[in-house]
Amino acid sequence: MSESKKTSRHDVIIIGGGPASLTAAIYTTREDIETLIIERGVVGGLAAVTDTIDNYPGFPDGVSGLMLSENLRKQAERFGAVIELGEVLSIHDEGNLKRLETTSGTMHARAVLIATGSDYKKVGVPGEQDYFARGVHYCATCDGAFYRDKRLAVVGGGNSAIQETIFLTRYASHIDLLVRSKIKASDVLQDELKGFIREGKVTVHLGTTTDEIIGDGKFVTKVIGTHTETGKKHDFQVDGVFVFVGLLPNTQFLDGTKIELDKIGFIKTDSNLQTALPGVFAAGDVRSGATMQIASAAGEGATAALKIREYLEGHTHPLQN
């Protein structure tokens, strides 16, 4: 990790350290625009904890999320980007400067890029919070190895749920896939899943809700579900539950600002990826209308960087006033 500069004033502050952020930093720093990235968790974001990325251009055999994230970080730092661990608590408009209150103190920037991405959505059932990290998980690559030769339940029916189910077959003796309605993953993933169903490694339960996660006080022991058509209750005896039911944007710190959010909480932008607050831009999975694809996030990061350059060129540097 690069050492942060002592100054609290920057040309650009990028909030978040995922593919959109790192790509934007590559572009801004190559233009000699001084850039600070503030990341509160893992550099690379959710991409860094994705086992294999098969649809990122230029990698015909796929690439691990960790490797892609690390390469993006190295490239951004090679051009001069500084990455600092911390959290942005709020953003305030001060005209040509934006004031950011962070866990490292007050900082100012001529322009800000919000690329905080999204976090895993919760099912919101009894026992989910009680057994978090004690049988309830949201990242297969992070925690799957703990369940070698164990029984698991996976909740969800989208691309992520199917992809992570396939990954978990490396460890689990059997997986019960609980899908509230029907599987909505791509045909490619569904075809791959069928192989594990035939082998008896995975049993799919369509039209099945997840009602409660039960444990013995220490660890998860079973999941209770209901078949939506028959109303019949089912007990699934498992050692762990992996939940993949979508993403929620990391925008809580924007409460009270002029930045507009959609009904779910994603950031609204114009065609230049600028928010309702001039000088503040958004890119990647946190932006309303984003495709939730790593390649798209990287592309938006590049676009945002170019639009930020145009914005800075059209505004006088506050220190020169």
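The values are calculated or read from the model by the stated rules, or taken from the named source; none is laboratory data. Here the structure is a predicted model, which is why all the values come from computation and not from measurement. When we count neighbours, we look across all protein chains shown, and the Cβ atoms used for this are built from the backbone with ideal geometry, even at glycine.
Quick notes on this structure:
- Segment 172-185, residues that are touching a residue at least 40 places away in the same chain (Cβ under 8 Å) and farther than 17 Å from Gln237 by Cβ: Arg180, Ser181
- Residue list for segment 255-294, filter: modelled with pLDDT of 95 or more and among the aliphatic types (A, V, I, L, M): Ile259, Leu261, Ile267, Leu273, Ala276, Leu277, Val280, Ala282, Ala283, Val286
- Subset of segment 61-109 that is among the acidic types (Asp, Glu) and assigned to a strand (DSSP E or B) - its residue that is nearest to Ala48 (Cα to Cα): Glu84
- Taking the numbered list (1) touching a strand residue (DSSP E or B) at 6+ places or on another chain (Cβ under 6 Å); (2) at pLDDT 95 or above; (3) not basic (Lys, Arg) in turn, Leu72 passes all entries but (1).
- Residues in segment 298-321 that are part of a helix (DSSP H, G or I) and at pLDDT below 95 were compared, and the one that is surrounded by the most Cβ atoms within 10 Å (Cβ to Cβ) is Pro318.
- Of the criteria (1) of a type in the set (A, V, I, L, M); (2) buried (at least 23 other Cβ atoms within 10 Å of the Cβ); (3) without any contact (Cβ under 8 Å) to a residue 24 or more places away in the chain, which one Val188 fails: (2)
- Residue among Lys258, Lys222 that alone is charged (D, E, K, R) and crowded, with 16+ Cβ neighbours inside 10 Å: Lys222
- Residues satisfying the stated conditions in segment 261-289, i.e. acidic (Asp, Glu) and either touching a Lys or Arg at 6+ places or on another chain (Cβ under 9 Å) or free of Cβ contacts under 8 Å to residues at least 24 places away in the same chain (or both): Asp262, Asp270
- Enumeration of residues in segment 88-132 that are in contact (Cβ under 8 Å) with a residue 60 or more places away in the chain and acidic (Asp, Glu): Asp93, Asp119, Glu128, Asp130
- The listed residue being surrounded by fewer than 21 Cβ atoms within 10 Å (Cβ to Cβ), touching a helix residue (DSSP H, G or I) at 6+ places or on another chain (Cβ under 7 Å) and closer than 30 Å to Ala153 by Cβ, out of Asp239, Asp235: Asp239
Residue by residue, here is whether (1) touching a Ser or Thr at 6+ places or on another chain (Cβ under 7 Å); (2) at positive phi holds:
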residue: Ile214; (1), (2): yes, no
residue: Lys233; (1), (2): yes, no
residue: Gly265; (1), (2): yes, yes
residue: Glu313; (1), (2): no, no
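- Of Thr141, Thr203, Thr169, all but one fail to be under 17 Å from Val238 (Cβ atoms), surrounded by 17 or more Cβ atoms within 10 Å (Cβ to Cβ) and among the polar types (S, T, N, Q); the exception is Thr169.
- The residue pairs whose first member lies in segment 40-55 and is at pLDDT 85 or above, whose second member is surrounded by fewer than 21 Cβ atoms within 10 Å (Cβ to Cβ) and not in a loop (DSSP other than H, G, I, E, B), and whose beta carbons are closer than 6 Å, counting only pairs six or more residues apart or on different chains, are Ala48/Leu66; Ile53/Val63.
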